[in-house]
Amino acid sequence: MPRVKRSTKRADRRRKILKRASGYFLTKSKLYQAAQEAVERGLKFAYTGRKQKKRQYRSLWIVRIGAAALQNGMSYSTFINGLKLAGNTLDRKILADIAANDAAGFAALAVVAKDARLKATAARTAA
């Protein structure tokens, strides 16, 4: 039977977990089993946090666009609907940036959205 040279696989695995757990409170940073549980839990939160971050940014952009749209006399939904009718393909991230940093540019977009909605309602009533 050949001799197996196992190296330090077990120690390396444990060292990696304990290194990730450094900074955790009490036994979670010292004892392997507690550290492993804490690290796995932390990684789970990190994974879900990366997903939540995207949702939270989108909702922040919507709030910013809605506030700027109200300043221009329309709601968020009517503004977005008007832009879609006008064929504008700017996404919410860009619209939020324009709303925060370029009030005149956003006002111009609001005028475009209002005109597109007026044309759409006129076409609907004429038909």
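Only the coordinates and a few stated rules stand behind these numbers; no lab work does. Computed from a prediction, not measured in an experiment: that's the story for all the values here. Neighbour counts run over all protein chains shown; Cβ positions are idealised from the backbone, glycine included.
When the residues of the stretch 88-104 are filtered to those that are out of contact with any helix residue (DSSP H, G or I) (no Cβ under 8 Å at 6 or more places or on another chain) and not β-branched (V, I, T), which remaining residue is nearest to M74 (Cα to Cα)?
That would be A104.
Take the stretch 44-70 and flag every residue that is more than 11 Å from the chain's Cα centre (by Cα), under 22 Å from A96 (Cα atoms) and loosely packed, with under 10 Cβ neighbours inside 10 Å. Let's see the steps before the verdict.
Let us first name the residues in the stretch 44-70 that are more than 11 Å from the chain's Cα centre (by Cα), namely 44-48, 62-70.
Add one more test, that the residue is under 22 Å from A96 (Cα atoms), and what stays is 62-70.
The answer is none; no residue qualifies.
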- Task: Given the conditions (1) over 25 Å from the mean Cα position of the chain (by Cα); (2) over 30 Å from L95 (Cβ atoms), report the number of the one that R41 does not fulfil.
- Result: (1)
